[in-house]
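Taking it in order: structure first as structure tokens, then the write-up.
Each reported figure results from applying straightforward, stated rules to the coordinates on display, with no laboratory input. Just so it is clear, the model here is predicted, and its values are computed rather than measured. Every residue, glycine among them, receives a Cβ derived from its backbone with ideal geometry; neighbour counts consider all protein chains shown.
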Amino acid sequence: MNGQPAAEAVTVEELGLVYGAGATAVQALTGVALTVRRGEMLALMGPSGSGKTTLLMVMGCLLRPTAGRVRILGRDIGGLDQAAMAAMRLAHVGFVFQSYNLFPALTAVETIRLALELKGWSSATAGEEAVRLLAEVGLADKQHSIPAQLSGGQKQRVAIARALAGAPELILGDEPTAALDWQTGQGIILLLRGLARQDRCAVVVVTHDPRVAELADRIVTIDDGRICNPERMPHAAS
Ligand SMILES: Nc1ncnc2c1ncn2[C@@H]1O[C@H](COP(=O)(O)OP(=O)(O)OP(=O)(O)O)[C@@H](O)[C@H]1O
Ligand SMILES: [Mg+2]
């Protein structure tokens, strides 16, 4: 650390999200305030239906909030249209899901190459970068395997390499270890934490597992759409 506060990857303020309207409206988030900086890993916990996935989707520019503000790298996304939100997402956010979401017919290297090509890389440079990213997540020897030939932990490493494609500043994981045994899941979380610690990105992982949450730098708990442990402000007290 150089003494400078780390750059914020994402900040939400007074965030509210209502699904639907009228009698069937669901208030999924209320007054949520949170900042996640590059270099840190945050664990998001809370009961089923408390709003964790919704918050992740708002932070990742997949859902527009119905109240409050979202800033990605200091830029308010409030005024952006759908296309600009998608561009923001493509450039700055990587997602990892519980169910991996890999194309069954693509090999690991093809998966990462495609992700890079969708971000505008030429196929030659994308191919080289894909190999590099797979080596970084410990899959150098599985480049040409399709998902059916990989274990759960290996599939999640492919998904992480895909999330890292193009070096996004924010990685969002929605229960990325829920389908894995504890030891494999721990490896996945330590991989993500290592990436954050290299100051490459901010990482937010949703988890129900307190052992996973304890590996994070910070734990935020959400209940019924509200944060229950207000964020500690690292710059306020020193
Ligand atoms: N598309 C939707 N339309 C209407 N309501 C929704 C929609 N998605 C989620 N909800 C509601 O919003 C609330 C928050 O849901 P969310 O999926 O964010 O919870 P979660 O904390 O991720 O739960 P889980 O731990 O089960 O994944 C819940 O009451 C849910 O029923
Ligand atoms: Mg969820």
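See the values below:
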{"item": "Top-ranked residue of the range 166-184 - restricted to ones that are among the polar types (S, T, N, Q) and more than 16 Å from ligand 1 (Cβ to nearest atom), ranked as surrounded by the most Cβ atoms within 10 Å (Cβ to Cβ)", "result": "T184"}
{"item": "Flag for T54 being touching a Leu at 6+ places or on another chain (Cβ under 7 Å) and within 16 Å of ligand 2 (Cβ to nearest atom)", "result": "yes"}
{"item": "Every residue from the range 138-193 that is under 23 Å from V58 (Cβ atoms) and polar (S, T, N, Q)", "result": "T177"}
{"item": "Residue in the range 107-117 that is away from ligand 2 (no atom under 16 Å from the Cβ), of a type in the set (A, V, I, L, M) and in contact with a strand residue (DSSP E or B) (Cβ under 7 Å, 6 or more places away or on another chain) present", "result": "no"}
{"item": "Criterion (farther than 30 Å from R69 by Cβ and in a loop (DSSP other than H, G, I, E, B)) met by exactly one of L134, L191, L102", "result": "L102"}
{"item": "Selection within the range 74-99 - part of a loop (DSSP other than H, G, I, E, B) and surrounded by 15 or more Cβ atoms within 10 Å (Cβ to Cβ)", "result": "I77, L80, Q98"}
{"item": "Whichever residue in the range 194-225 is touching a residue at least 40 places away in the same chain (Cβ under 8 Å), part of a loop (DSSP other than H, G, I, E, B) and within 16 Å of ligand 2 (Cβ to nearest atom) and, among such residues, is nearest to T30 (Cα to Cα)", "result": "G225"}
{"item": "Pick from the range 36-52, criterion under 13 Å from the mean Cα position of the chain (by Cα) and part of a loop (DSSP other than H, G, I, E, B), ranking: nearest to ligand 1 (Cβ to nearest atom)", "result": "E40"}
{"item": "For A33: the one exception among (1) more than 19 Å from F95 (Cα to Cα); (2) of a type outside the set (K, R); (3) within 12 Å of ligand 1 (Cβ to nearest atom)", "result": "(3)"}
{"item": "Per-region count, the range 117-142, residues over 26 Å from R89 (Cβ atoms) and surrounded by 17 or more Cβ atoms within 10 Å (Cβ to Cβ)", "result": "1"}
{"item": "The range 105-131, residues that are under 19 Å from the mean Cα position of the chain (by Cα) and in a loop (DSSP other than H, G, I, E, B)", "result": "K119"}
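Conditions tested, residue by residue: (1) surrounded by fewer than 18 Cβ atoms within 10 Å (Cβ to Cβ); (2) at negative phi; (3) not polar (S, T, N, Q).
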site: K155; (1), (2), (3): no, yes, yes
site: A161; (1), (2), (3): no, yes, yes
site: L164; (1), (2), (3): no, yes, yes
site: Q186; (1), (2), (3): yes, yes, no
site: L195; (1), (2), (3): no, yes, yes
site: D199; (1), (2), (3): yes, no, yes
site: V203; (1), (2), (3): no, yes, yes
site: T221; (1), (2), (3): yes, yes, no
site: G225; (1), (2), (3): no, no, yes
